[in-house]
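Student: Sharing a structure below in structure tokens format, with a few things to ask.
The values are calculated or read from the model by the stated rules, or taken from the named source; none is laboratory data. Keep in mind that this is a model prediction, so the values were computed, not measured. Please note: Cβ atoms are built from the backbone with ideal geometry, for glycine as well, and neighbour counts cover all protein chains shown.
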Amino acid sequence: MKRLILLSLLIGLLSIQKNNACTNYLITPGASVDGSSIVSYSADSHILFGELYFWPRATWAAGTKLPIFEWDSGKYLGEIDQVAQTYQVIGNMNEYQLIIGETTYGGREELHHQDGAIMDYGSLIYIALQRSKNAREAIKNIAELMDKYGYASEGESFSIADPNEVWIMEIIGKGKNEKGAVWVAVRIPDGYVSGHANQARITTFQFQKKNLWTDPKATVFHSADVISFARKMGWYNGKDAEFSFSDIYAPVDFSGARFCEVRVWSFFKEVSQEVKANRNYFEYVKGDVKHDEKFLDGSLNPNKFASNRMPLWIKPDRKISAQDVMNYMRDHLEGTELDMTKDLGAGPFGCPYRWRPLTWKVDNVTYVNERATSTQQTGFTFVAQARKWLPDAIGGLFWFSVDDAASTVFVPIYCGISKVPQTYAKGNGSMIKWSDNAAFWVFNQVSNLAYTRYNVIHPEINKLQQELETKFMQKTTEIDNKAKELFAQNKDKAIDFLTDYSIKTADSLVYLWKDFYAYLFMKYKDGNIMQTDGYKLIDNGNGKNIPPSPSQPGYSEKFLREIIEDNGEILKAKE
């Protein structure tokens, strides 16, 4: 029995290591400053190369087959029927301003593997983008693809948005003995915001006898057997109205709260004083998951589900901008009890990163590193805006970045452009192939340098980052207006204009960042801080390229006291 318990704990910890990636924040049009739908997504993986995907629109002959390769591993899974017409996709946004992001929550392990299944979650995303004009179509296409070809991944939460609506869809396979998946999708009420980060968050929902796909008033869609499957498996015997998707298919535990829900909380607390002041929510995201007789709102909890969870969506205290969302994606739990810059793990320079593994043991006691929104192992991050008052080619604005969100810059990419910047293009470098002008490697050079002296290097990154993004934001209105003028005269000229702007802006940013790396490296080499004038190192005034003496600030008093505690007697100077 003891060996079985240890094995169970090991499997649980392995699950934590695998499923702690990706964060999505969702803002409905009524909650945004400009009335756009906004979705953010960080694709966090130690083996994912950050690049900007591109599929041009195309027509296909009858009988054409589409090979499917698993997004995470590249493994060939099979082939499916191609449709007659596919739409253009740039990154995770298509030409109709449809946006799809995701986070993996895992869920019940017995449902993870399905023999013969072809559709993994990544393929579902990018195929749905190629085949759908709006969020409702995307949900329907995803459901039909899983029914026809099987579902080949673990539990997933999808963010699906168009210029008018924002939805969350959560799915999980049926295991080895049944084809397809059980799932539910709910629309976030306009004026509200939501988020998910590797923990299923949809609880109760209004069960429908039939999905009313064409009814604009429909706010819930789900698989017909979403509840009956759980009953058949012996996991639920309560009332349909009390059924909770998350609590049955992916119950929240310590890791789900501490490593995952904490990232949703870090966003919610920034936009709602009510959430920030609610100590129950903070205790929950620290990992204290309760199963009380009543929920926090006082209603009964007959099924003993987690009783102190945060709501699926909240109404923010103010309208939220795309630039706000960019900065929310950079959070390290600063200013909270879990602030990653404050404990000894931050080292002498307050670095808010902890190298993996996420959990560790000393004297047979398990401890954790925090899992914040911004993390070192990010492949790419986007903040996508769908703007209904503009033609689709102009309205879809895909703010894209690679590597760690805290140390990168979001660049504007219009969804209607005809090609992508070479510095971000697929095939320009990889995780096992260096490319000197690949945005991913350029930004990684800067971020990894910053990790060594975070308290002095990162403020310089943040300053330039904010200056550039503010400049890009301000330029957007001018570009929008010019593109609208051209669009009214000649759509192709408008596309050429947007393509030229997006490519030049992105490529220029990468080469600017290369120069920025050179400046930072020279300034902070060998523990020194050289004197500078703007972004240029200066000489001592004698014209011989010899710098003045650098400053050498050393370590903080807190860290020095830790050194004394550890080895003070050996290091003490003799009188």
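Student: Might you let me know whether the stretch 475-491 holds any residue that is surrounded by 16 or more Cβ atoms within 10 Å (Cβ to Cβ), under 24 Å from the mean Cα position of the chain (by Cα) and not β-branched (Val, Ile, Thr)?
Tutor: no
Student: Right, something else. Quick one: in the stretch 480-511, which of the residues that are touching a residue at least 24 places away in the same chain (Cβ under 8 Å) and aliphatic (A, V, I, L, M) is nearest to residue 439 (Cα to Cα)?
Tutor: 510
Student: Moving on to the next point. Touching a residue at least 12 places away in the same chain (Cβ under 8 Å), over 30 Å from residue 519 (Cβ atoms), more than 17 Å from the chain's Cα centre (by Cα) and part of a loop (DSSP other than H, G, I, E, B) - does that describe any residue in the stretch 361-384?
Tutor: yes
Student: Could you grab me the full set of residues in the stretch 383-429 that are closer than 17 Å to residue 23 by Cβ and in the same structural domain as residue 516 (by TED's automatic domain parsing)?
Tutor: Result: 399, 400, 401, 402, 403, 404, 405, 406, 407, 408, 410.
Student: Filter the stretch 516-566 down to the residues that are more than 16 Å from residue 454 (Cα to Cα), aliphatic (A, V, I, L, M) and out of contact with any Leu (no Cβ under 9 Å at 6 or more places or on another chain), then identify the one that is surrounded by the most Cβ atoms within 10 Å (Cβ to Cβ).
Tutor: By that ranking, first place goes to 537.
Student: Criterion first (of a type in the set (S, T, N, Q), part of a helix (DSSP H, G or I) and over 29 Å from residue 395 (Cβ atoms)) does residue 567 satisfy it?
Tutor: yes
Student: Something else: For the stretch 34-76, give me each residue that is under 30 Å from residue 190 (Cβ atoms) and among the acidic types (Asp, Glu).
Tutor: 34, 44
Student: Give the number of residues within the stretch 137-150 that are of a type outside the set (Val, Ile, Thr) and within 22 Å of the chain's Cα centre (by Cα).
Tutor: Residues in the stretch 137-150 being of a type outside the set (Val, Ile, Thr) and within 22 Å of the chain's Cα centre (by Cα): 1 in total.
Student: Within the stretch 120-143, restricting attention to residues that are among the hydroxyl-bearing types (Ser, Thr, Tyr) and more than 20 Å from residue 164 (Cβ to Cβ), which residue is surrounded by the fewest Cβ atoms within 10 Å (Cβ to Cβ)?
Tutor: Step by step, filter the stretch 120-143, then rank; the result is 126.
Student: Could I ask something else about it? Can you give me the number of residues within the stretch 504-525 that are of a type outside the set (Gly, Ala, Ser) and closer than 29 Å to residue 419 by Cβ?
Tutor: Of the residues in that region, 12 qualify.
Student: Looking at residue 114, is it crowded, with 24+ Cβ neighbours inside 10 Å and assigned to a loop (DSSP other than H, G, I, E, B)?
Tutor: no
Student: Oh, and also: Going residue by residue through the stretch 157-170, is there one that turns out to be in the same structural domain as residue 306 (by TED's automatic domain parsing), on the phi > 0 side of the Ramachandran plot and surrounded by 20 or more Cβ atoms within 10 Å (Cβ to Cβ)?
Tutor: no
Student: For residue 259, all conditions in the list (1) surrounded by 19 or more Cβ atoms within 10 Å (Cβ to Cβ); (2) of a type outside the set (A, V, I, L, M); (3) free of Cβ contacts under 8 Å to residues at least 40 places away in the same chain; (4) in contact with a strand residue (DSSP E or B) (Cβ under 8 Å, 6 or more places away or on another chain) hold save one; what is the number of the exception?
Tutor: Against the list (1) surrounded by 19 or more Cβ atoms within 10 Å (Cβ to Cβ); (2) of a type outside the set (A, V, I, L, M); (3) free of Cβ contacts under 8 Å to residues at least 40 places away in the same chain; (4) in contact with a strand residue (DSSP E or B) (Cβ under 8 Å, 6 or more places away or on another chain), residue 259 comes up short only on (3).
Student: Inspect the stretch 416-428 for any residue being without any contact (Cβ under 8 Å) to a residue 40 or more places away in the chain, in contact with a helix residue (DSSP H, G or I) (Cβ under 9 Å, 6 or more places away or on another chain) and surrounded by fewer than 18 Cβ atoms within 10 Å (Cβ to Cβ) and give the result as yes or no.
Tutor: no
Student: If you check residue 198 against the conditions, is it out of contact with any Leu (no Cβ under 6 Å at 6 or more places or on another chain), in the same structural domain as residue 33 (by TED's automatic domain parsing) and modelled with pLDDT under 95?
Tutor: no
Student: Looking at 385, 376 in this structure, which one is of a type outside the set (D, E, K, R), at pLDDT 95 or above, surrounded by fewer than 21 Cβ atoms within 10 Å (Cβ to Cβ) and at negative phi?
Tutor: From the options 385, 376, the qualifying one is 376.
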